[in-house]
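Laboratory data are not the source of any read-out in this text; all were calculated from the coordinates shown. All figures in this text were calculated on a predicted structure; none of them were measured in a lab. Virtual Cβ from ideal backbone geometry, glycine too; neighbours counted across all protein chains shown.
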Amino acid sequence: MLLLIQCATHSCNHSHPELTTHFALHLPDAKATQRLGSRLSLCLAPGFRLYLRGELGSGKTTLVRGVLEGLGYRGRVKSPSYALVELYVISRLHLYHFDFYRFRTPEEWSEAGFRDHFSGAAACIVEWPERAGDLLPGPDLEAVLARAGSGRDIRIRAFSSAGEQCLRTLPDD
Ligand SMILES: Nc1ncnc2c1ncn2[C@@H]1O[C@H](COP(=O)(O)OP(=O)(O)OP(=O)(O)O)[C@@H](O)[C@H]1O
Ligand SMILES: [Mg+2]
């Protein structure tokens, strides 16, 4: 089941009041997480930024596996928790998959030299974006994953018109 909530600006408690589209879904198992990732892959375009928040093991990398599957990538998708970044070159897109868990301060993100990756044509998916603090450019979409029973709940918010468009056009299951 897919739930698209349109909330009036005054009743939405978030920092970008001009954008009001939220998406929420229960993901009963890892396959459901991957399926949603595949659907999100349709939104990825040059420069698109998708940030993934949620505690350790909440399903962020699993979602990225689905995104890459949706993009037609058939190789192994490694978690970038140690390498910090993996680059995927897919015919229509360059995609950086970052994991900033290991940064202890936002300055470490600056020093790592990733800023240019966020201003070019590549799409960027980031796990643990909060570790880069305010230095990181804002996302088009931000997803928050949380454990819910044996599955996960996901909430996605749009922060740009591209993100909003994505949520509007996510096809129903
Ligand atoms: N909807 C779901 N229901 C149950 N298990 C899930 C679901 N989605 C993912 N998982 C499982 O959760 C585990 C952790 O997933 P994953 O590695 O994607 O988490 P993560 O958020 O990337 O963690 P980290 O912060 O350590 O990078 C995996 O075993 C995965 O199969
Ligand atoms: Mg991960």
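Rounded to the nearest 20, the size of the Cβ-charge dipole of segment 30-169 about its Cα centre is 700 debye, with Lys and Arg at +1 and Asp and Glu at -1.
What ratio of Cα Rg to 2.2 N^0.38 Å holds for segment 30-169? Dividing the Cα radius of gyration by 2.2 N^0.38 Å gives 0.97. Stretching the chain fully between ALA112 and ARG76 yields a gain of 10.5 nm (0.36 nm per residue, less the alpha carbon separation).
Can you give the relative contact order of the chain as a percent, counting alpha carbon pairs under 8 Å and 6+ residues apart?
30 percent
Model label points for LEU56 and ALA148, set 7 angstrom from Cα along the Cα-to-Cβ axis, are 2.4 nm apart.
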